Amino acid sequence: LQKEHETALKFFRRSLQLDPSFTYSHTLSGHEYVSNEDFDKAVACFRNAIRFDERHYNAWYGLGTIYFRQEKYDLSEYHFRRALSINPQSSVLHCYLGMVLNANGKHYEALKTLDTVLDVRTAAHGASNPQARFQRSTILLSLGRCEEALTELEKVRDSAPHEASVHFTMGKVCKKLGNVKKAMRCFLTALDLDPKNSNLYQSAIDRLDEPDIDEDVSTF
């Protein structure tokens, strides 16, 4: 895998030797560096892309994802908003902005943003966005709105029935609602779908009668 990244970067470098202003080569190089977690070089690539084309939203998005991973949420929000000002119909950008807002403690603004994602996705494609619904459910859960969270998760499960993290989160919600039997079924389903994380799911099963300790289930 590392060799594949190096091969891709070598290809992009050759492309930039032929045309230093080719925006996509800068941006794609940035994404390769992000994959290698070489964020300094990735930032340089994305900034070069913006220098040649300030409306290249993919580079603004790339910077937003880096700052999000570095927990620099204000910077991340700024860059995702810049990307959205260029491409306001992108459900992916709206979803990432919602994740950043939630991580930065702006829960209700995050919910509003994710509602926009679902409206955009429905209008454009006639279907909902499972990732947006999953993020919405985690926010609702953190706000104590468990019934609403479970409703969202059931819709996500119907769209992505083989995602263990969805069943795991459903189990946590069912536990909070006092439905221990359903929580057990959800945890067992997660265990069956994702045996490599068996310790996490088995621990949840063992603690069904104990108070919750929140785990990170922010994505799937």
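The values are calculated or read from the model by the stated rules, or taken from the named source; none is laboratory data. Because the structure is a prediction, the values reported are computed rather than measured. SASA here: full protein model, heavy atoms, side chains in, ligands and nucleic acids out. Shrake-Rupley method; radii C 1.70, N 1.55, O 1.52, S 1.80 Å.
Remarks
- Share of carbon and sulfur in the accessible area of the range 1-145 stands at 50%, probe radius 1.4 Å.
- With 0.36 nm allotted per residue and the present C-alpha distance subtracted, the Glu37-Gln202 stretch has 56.3 nm of extension available.
- Axis of helix 91-103 versus longest Cα principal axis of the chain: the two differ by about 60°, to the nearest ten degrees.
- Angle of helix 39-52 to the longest C-alpha principal axis of the chain, folded into 0 to 90 degrees and rounded to 10: 60°.
- Cα gyration tensor category, rounded, prolate or oblate, for the range 14-78 with a/c compared to 1.5: oblate
- Note on Leu18 and His107: the extension gain reaches 27.4 nm, defined as 0.36 nm multiplied by sequence separation minus the Cα-Cα distance.
- Solvent-accessible surface (1.4 angstrom probe) belonging to His162, in square angstrom, nearest 10: 140
- Top of Ala49, Ala160, Ala59 by mean-square fluctuation, Gaussian network on the chain, Cα under 10 Å: Ala160
- In the context of the full set of protein chains, residues of the range 25-107 present 47 Å² of accessible surface per residue (probe radius 1.4 Å, heavy atoms only).
- Per residue, the chain reaches -24500 deg cm²/dmol at 222 nm when only DSSP H runs of four or more residues are counted, each adding -39500 (n - 2.57).
- Residue-level accessible surface for Leu28, protein heavy atoms, 1.4 Å, Å²: 80
- Prolate/oblate/rounded label for the chain (Cα gyration tensor, a/c 1.5): prolate
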